[in-house]
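Please treat every number below as a calculation from the coordinates, not as lab data. All values reported here derive from a predicted model rather than from experimental measurement. Neighbour counts run over all protein chains shown; Cβ positions are idealised from the backbone, glycine included.
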Amino acid sequence: MRNSSLLRASVPLLALLIFILSTTTDARTPRSKIRPSFNPVRRETPADTFTTSPLTSPSASQFSPTVRAPKDNIWAPLSHEEATSVVEYLHRHFNLTQAEDAGPWDNEVNVVDLVPPNKTEALSYLDGEGPKPLRWAKASISFGATETPYLQDFAVGPLPLTKKATHWSLDYLTTSGTNRMKNSKADASMVLEFLQNATISIGDITQDLLGHAVKAEDAYPELVTWTQNPPLFEMKAGSHGTEERRTIHWASIFKPLSSGYPFDVATISPQGIFIKVDVTGRDPSKWTVDGWIYNDKYYNSTESFRQAWKQPNFQKVAHRNTVGKWASTDRAGKPFKYDERVPPLTVYPEGKRYAVDFERKYVEWGAFSFYLGFTRDAGLQLFDIRYNGERIIYHIGLQEAVAQYAGEDPFMSNLAYLDSFFGLGSNTMELVDGYDCPHGSTYLDSSVHEDGVSRTYPRSICVFEQDGHLPLQRHTTGRYVEVTKNIQLVVRAVSTVSNYDYTWTYIFSMDGSIEVKVSASGYIFAAFYAHNEEYGYRIREGLSGSMHDHVLNFKVDIDVHGTKNTFAKHAAVAVNQSYPWSSHPRSTMKLDKTWILNEDEGKLEWPRNGQTQYLVLNKDQTNPYGEHPGYRIMPGQGGGGHHLSSPRSEILQNSVGFAREHLYVTKAKDGEVWSSHPWNLLDPGRPVVDFGEYLDGESLEQEDLVLWVNLGMTHIPHTGDLPTTVQTTSQSSFLLLPHNYLPRDPSRRTRQQVRISYGAWLNGSTLVERFGQHEVRGAAFPLREAVGDLEGYGGKVVRLLEES
């Protein structure tokens, strides 16, 4: 039930889906500006202040140092003007219809984005030796004016466009040899209408079994019918004695509107009736209803279902699934003790301690610096991450978000998502100040160009400092105690793809480490409770928490003292060792060092018991003690990495070659930029990008290495997932840590530490060494500055791409 630019419903059904799912599909009327923030003036009370430093002014929390990025951001998304010029160019060279006027049988531009620059050219520019890489746009075009509709990506450029501009098919970024993909969802709106008509045709049955019937004139019917994703393909005997590849869908009836209840409850409202349809070809008159399932019984036609229902011995399910107030996310129940009091707040008493170049999307904090990028398919990306001015990571960012379900019924058993298809960037929304990010955070906008409009998502990326609330370092003796605060920089964005909200968080620490973390919330996609005890827990009278996997794949293009690196495994292994000072062999452990020398060896699981360190090392260099410098990668929160529980997925097939192990190591190539492609969902067995083909045995010894790292979880929803999943139980992360890379712990540079000397040697006195940090005492800070106003929340801004 995810929304996509490639899926256009008929007007009544689309209105219903928008109302139910609160998707990001926009009306075509552009809004010119964001609503202004609301800042009421009111008198302060004693509760609005607290004590802080004499250096503090009321505006200090908003003060931020300024910085100018050393180079242009060559990964910056296309501007509105650039995207408009590309669309105008394409209309001159192809037979296209304006997006707002296009239907299923038209050709139109779906998405305009950036073709990432080749790394070799980018490094030449960034390191001061070469010219700035040429800027090219990626244009995704839907060709619907044919019996066999298809999609195709083109490079258009260079930008800015001139009379010498050109375009060509982006085949080099595929493994299939062509990015031309048959659009199996070109007629999705007609499929929805076909399914709804099928539901109308059994109105007498649904009235009896579910308590509701759908009528053709219903603007907002009580029951709606949706297909699973991705489409299924079956080989059947054709009219001429040959086998034909047929397009099949299983669909399920849902009851998302309960007495006008306004919450986004569609995915927890299944009703337990399933329909199988054959929608091969583009002529709906040739589509067929091939069967129904109710109460775990299959009927091969609508008539056989009706005849069985009329029999006195027809077995009805004893319960129904009714959505009510229990599905509301609003506050309910007895409040917690003291919960009316203002909770802890984040304050910058002397202003921000990091700097942002808003124009170039560049950030500096401590010894770190990096650029931000953003794509329609994958959202937030980070580039050219440096520590002490030296690059350690060229690119780190999300590649794909997989959700794969299991169940007794054919809908859940065939349900899976590759969310880049729906747009993890285009489903990014404005963050809620003080909730998604602390008030006082720095906010940046993002934008995508899709369906003929430019969408700007104001305040959709946040940057802030946080106290990790666990000391970074401490030690106590009988003479002193020394403790260092764990101050971190955080970059965050949120993607809401239909029922699930994914929070993407990058955490930078003073010891030179980086944590990449994903957390999930939102409404689960539940199953109707009937005959499915082996696939989840019963969580309501008629509801089962359908088990599923989440796999979030990240790319980490790591560079340790240059691009020539080797991947190593350093393992603690059990041995029986003889020593000259021992009368018998001793059971102990040793460090076993091995190298991953080719891509066949680069398919890795996280080590059992944490006994093995995974390292990216530069074999051509050593530190003063003869050790190779590098960075370590290790699992973090939530049990670390995750891959599909059923790696050889019958649903997603060749589209999830990246999701079968925890970690992969490959040689960097300009044609192997992404682990997935949004169109893979249209035909998973014949994907545009098959990650498995990246793993072709090439040497990894002192090569430019790329790590492909999976996060996620197996989610078996329980009653605590109602009404929505909480992020404390659904999070996963990995860490990148310096390993023999620096001469010592770099956090010793911080002033945010204290040493307290005490004891008899000071005759009972206490000496406090603050290392130059400012004391916080003696003045009043307006508490209002630490609490944001939310009345200006706007979501997004839309401009037609044809507008200049």
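Data for the structure
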item: Net charge over other residues, Cβ less than 13 angstrom from the Cβ of residue 730 (K, R count +1; D, E count -1); result: -2
item: Order of 375, 766 under a 10 Å beta carbon neighbour criterion, fewest first; result: 766, 375
item: Check: the range 580-651 dipole with +1 on Lys, Arg Cβ and -1 on Asp, Glu Cβ, in debye; result: 340
item: Pairwise FRET efficiency - residue 728 versus residue 534, Cβ, R0 = 25 Å, nearest 0.05; result: 0.40
item: Given charges at Cβ of Lys, Arg, Asp, Glu: the chain dipole, positive-most of 206, 567, 498; result: 567
item: Net charge of Cβ neighbours under 14 Å - reference residue 643; Lys, Arg +1; Asp, Glu -1; result: -1
item: Cut-off 16 Å (backbone N to label point 7 Å along Cα→Cβ of residue 127), residues of the range 551-566; result: 558-566
item: Where labels lie 7 Å past Cα in the beta-carbon direction, separation of residue 81 and residue 329 in nm; result: 3.8
item: Helical mean residue ellipticity (222 nm; -39500 (n - 2.57) per DSSP H run of 4+; nearest 500) of the chain; result: -2500 deg cm²/dmol
item: Cα-Cα separations in the range 555-608 greater than 14 Å, expressed as whole percent; result: 70
item: Likely footprinting exposure, 153, 670, fewest C-beta neighbours within 10 Å first; result: 670, 153
item: Share antiparallel - DSSP beta bridges, the range 80-182, percent rounded to 5; result: 100
item: Net charge of Cβ neighbours under 12 Å - reference residue 379; Lys, Arg +1; Asp, Glu -1; result: -2
item: Fewest-first ranking of 187, 204, 683, 290, using other Cβ atoms within 10 Å as the exposure measure; result: 204, 290, 683, 187
item: Net dipole in debye of the range 595-740 [+1 Lys, Arg Cβ; -1 Asp, Glu Cβ; about Cα centre; nearest 20]; result: 540
item: Value in Å of the Kirkwood radius, where the range 669-745 supplies the Cα pairs that are averaged; result: 17.1
item: For the range 314-327, 3J(HN,Hα) per residue [Karplus equation, 6.51 cos²θ - 1.76 cosθ + 1.60, θ = phi - 60°, Hz, x = Gly/Pro]; result: 4, 8, 9, 5, 6, 9, 10, 10, 10, 8, x, 5, 4, 8
item: Chain lengthening between residue 148 and residue 390 when straightened (0.36 nm per residue, less Cα-Cα); result: 82.0 nm
item: Dipole-positive endmost among 537, 580, 680 within the range 535-681 (Cβ charges, Cα centre); result: 580
item: Stretchable slack from residue 621 to residue 341, in nm (0.36 nm times residue separation minus alpha-carbon distance); result: 95.2 nm
item: Relative frequency of Cα-Cα separations exceeding 20 Å in the range 80-182, percent; result: 45
item: Debye, to nearest 20: dipole size of the range 445-504, +1 on Lys, Arg Cβ, -1 on Asp, Glu Cβ; result: 360
item: Most positive-pole-ward Cα, 177, 140, 102, against dipole of the range 80-182 from beta carbon charges; result: 177
item: Computed over the range 619-696, Cα set: Rg, Dmax in Å; result: 16.8, 54
item: Correct choice for semi-axes √(5λ) of the Cα gyration tensor in Å that was computed from the model, options (i) 87, 26, 24; (ii) 47, 32, 30; (iii) 50, 34, 23; result: (ii)
